[in-house]
Amino acid sequence: MEWNLPKITFVQENGNEKVIDAENGLSLMEVARDNDLEIEGTCGGMALCASCQCYITSDHDLPDRSADEEAMLAEAFNVKKNSRLGCQIYLTPELDELS
Ligand code: FES
């Protein structure tokens with residue numbers, strides 16, 4: 001069986017870019033945290049803190065925001081149209097080259 005690892009590009013607030021071959025099934029937040037990128041993930045991925053908010057710049061077809069994600073983003077700061085909770089985006093081969 002062939003495992004295609006999605007290659008994810010993270011651009012941090014300071015402009016530094018890091019490309020990571022992520023593990024399928026992990027969330028964006030987990031991958032960022034495991035690779036020492038600046039992300040808190042305070043609630044551990046429960047969609048309760050928004051400390052994993054990220055801006056998706058690639059045009060991948062992502063799953064719609066859940067009601068919990070919408071509710072959390074409605075209370076968060078600096079929310080943009082492309083804001084997502086990193087803990088709610090689970091990586092699959094289809095998300096290769098996500099940024
Ligand atoms: Fe708390 Fe994502 S880790 S909302």
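The values are calculated or read from the model by the stated rules, or taken from the named source; none is laboratory data. Being a predicted model, the structure only gives us computed values, none of them experimental. All Cβ positions, even for glycine, are placed from backbone atoms using ideal geometry, and neighbour counts span all protein chains on display.
Observations
- Any hit, segment 37-48, residues being over 19 Å from residue 13 (Cβ atoms) and either modelled with pLDDT under 95 or in contact with a helix residue (DSSP H, G or I) (Cβ under 6 Å, 6 or more places away or on another chain) (or both): yes
- Residue 47 satisfies every condition listed in (1) touching a Gly at 6+ places or on another chain (Cβ under 8 Å); (2) within 8 Å of the ligand (Cβ to nearest atom) except (1).
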